[in-house]
1. Of all residues in region 161-189, count the ones that are touching a Leu at 6+ places or on another chain (Cβ under 9 Å) and either on the phi > 0 side of the Ramachandran plot or among the aliphatic types (A, V, I, L, M) (or both).
2. Would it be correct to say that Asp289 is buried (at least 17 other Cβ atoms within 10 Å of the Cβ) and at positive phi?
3. Do the conditions hold for Leu75, that is, is it in contact with a helix residue (DSSP H, G or I) (Cβ under 6 Å, 6 or more places away or on another chain) and on the phi < 0 side of the Ramachandran plot?
4. For region 154-180, name all the residues that are aliphatic (A, V, I, L, M) and part of a helix (DSSP H, G or I).
5. Report those helices (runs of 4 or more DSSP H) wholly inside region 1-93 carrying at least 1 residues which are closer than 30 Å to Val422 by Cα.
6. Under 7 Å between Cβ atoms, which residue pairs at least 6 apart in sequence (or on different chains) link something in region 114-140 that is closer than 15 Å to Val156 by Cβ and at pLDDT 95 or above with a partner that is surrounded by fewer than 17 Cβ atoms within 10 Å (Cβ to Cβ) and among the aromatic types (Phe, Trp, Tyr)?
7. From the set of residues in region 26-38 that are surrounded by 11 or more Cβ atoms within 10 Å (Cβ to Cβ) and of a type outside the set (Gly, Ala, Ser), which is nearest to Arg384 (Cα to Cα)?
8. What do you reckon, is Ala397 crowded, with 19+ Cβ neighbours inside 10 Å, in contact with an Asp or Glu (Cβ under 7 Å, 6 or more places away or on another chain) and part of a loop (DSSP other than H, G, I, E, B)?
Amino acid sequence: MRVTKDLIAGLNAGQLEQQAGAYTHLAGQLAEGGVDASQVVERLRDFQVAIPSWALGAGGTRFGRFSQPGEPGSLEQKIEDVGLLHALTGSAGAISLHIPWDIPQDYPAIRQQAASLGLAFDAVNSNTFQDPRGAPATYRYGSLSSTDPAARSQAVAHNIEVIGIGEKLGSKSLTVWLADGANFPGQANFQKALSLTVESLKQIYAALPNDWKLFIEYKPYEPNFYSTVIPDWGTSYMLAGECGPKAYTLVDLGHHLPNTNIEQIVATLMLKGKLGGFHFNDSKYGDDDLTVGSIKPYALFLIFNELVYGMAHNPQNPYPSWMIDASHNIKDPLEDLIQSLEAIREAYARALLVDRKALEAAREGHDPVGCQEILQSAFRTDVRPLLQQARLEAGAALQPLAAYRKLEVRKGLTRERGTRSVATGL
């Protein structure tokens, strides 16, 4: 199923006058504060977020999984779904594959399909938290950190294989997330586990093409609850430094203990030039993988405030790789992703409106009340006319979620794929 530009233009037609009025009004207000609305719109239009191949079907928990009708049963169908998202939102211009869940069978055909939908391939993701079917070694007690040399070699070889798959797709980065750790005190030698991980990561790093990056993800718990080998940003940062200049830390919003100051972590990593990747989601307790902005929208804005500052003031840090990493347990995955894309660009737009000169003056003047007012003034701004203008200029839908429902996309996908198709992934 495809949503054409002509179809979108037809849906937008009845809303153009209202959008023009709303945008003109907001642009005038912003101009009074010295903000050029057209420049904000341009940055929003250029801001693209990768969609992971595993998030296009229903997610689940250890208690169960409730499939959605019309789930994509193949990689080709997953790319088709990302194309639908991109056509509707104008902001989902990349797909991130998880290996071995989504290994292409025909690379030229897959690349041609993606290109026809305006999609690029973002980071490829390895999997050493599940045993490969028929593999001689097990990851039950670790992969890159395992005390079993056969398990370590198998995990390293898998990551190098994933790099080769990414090269055929045009990807430029590899994301490594380890489930390695321990559930009980005394189960693991912390120093030995970390040392073995360094050794393994260096072997993977050595296999990177010259123009690639290695993203090292961290997580404080789960599936191991007493300890994880890479529990925090500091450990990831250290490992990236051990590997070399092409290695970076990847921040996943859900991979933190409650009330962690994530925006400070972002600021520190960007100052050091080591923030490589960013995974968006939201949470109440931990790695809940909920819709972005559904629980803590102000926290998301504060994180973007640091991202915007870092992108402007830290040329030593590469432009981060953005991706949504969520699990859609009860929502239609495509609707959930549309909501997440909207929340991400809302937070980005609001961060672009922060009066940085006034904020720095308030900081230098030791005026915490003034600092709060400046941030909250940007946060309280209704930036939806800016997002809609960016979508309009990109040929996307002014109201993506409403368009998705009006076009009855899920019904169309169900007619094509049936009610029992099941997506690979979470």
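1. To start, the set of residues in region 161-189 that are touching a Leu at 6+ places or on another chain (Cβ under 9 Å) comprises 162-163, 165-166, 169, 171, 173-178, 180.
Now drop any that are not either on the phi > 0 side of the Ramachandran plot or among the aliphatic types (A, V, I, L, M) (or both), which leaves 162-163, 165, 169, 174, 176, 178.
Qualifying residue count for the region: 7.
2. Numbers: buried (at least 17 other Cβ atoms within 10 Å of the Cβ): yes; at positive phi: yes.
When the stated conditions are applied, Asp289 passes them.
3. Working: in contact with a helix residue (DSSP H, G or I) (Cβ under 6 Å, 6 or more places away or on another chain): no; on the phi < 0 side of the Ramachandran plot: yes.
It is false that Leu75 is in contact with a helix residue (DSSP H, G or I) (Cβ under 6 Å, 6 or more places away or on another chain) and on the phi < 0 side of the Ramachandran plot.
4. Of the residues in region 154-180, the ones aliphatic (A, V, I, L, M) are 155-157, 160, 162-163, 165, 169, 174, 176, 178-179.
Residues satisfying the conditions are Ala155, Val156, Ala157, Ile160, Val162, Ile163, Ile165, Leu169.
5. Working: elements: 5-13, 16-32, 37-46, 75-89.
Here the list reads 5-13, 75-89.
6. From residues that are closer than 15 Å to Val156 by Cβ and at pLDDT 95 or above, the pairs are Tyr139/Phe129.
7. So in region 26-38, the residues surrounded by 11 or more Cβ atoms within 10 Å (Cβ to Cβ) come out as 26-27, 29-31, 33, 35-38.
Add one more test, that the residue is of a type outside the set (Gly, Ala, Ser), and what stays is 26, 29-30, 35-36.
On the way: Leu26: 10, Gln29: 14, Leu30: 13, Val35: 16, Asp36: 16 Å.
Looking at residues that are surrounded by 11 or more Cβ atoms within 10 Å (Cβ to Cβ) and of a type outside the set (Gly, Ala, Ser), I get Leu26.
8. Values: crowded, with 19+ Cβ neighbours inside 10 Å: yes; in contact with an Asp or Glu (Cβ under 7 Å, 6 or more places away or on another chain): no; part of a loop (DSSP other than H, G, I, E, B): yes.
No; evaluated as a whole, the condition is false for this residue.
The values are calculated or read from the model by the stated rules, or taken from the named source; none is laboratory data. Predicted, not measured: the structure shown is a model, and the values here were computed from it. Heads up, the Cβs are rebuilt from the backbone with ideal geometry, glycines too, and the neighbour counts pull from every protein chain shown.
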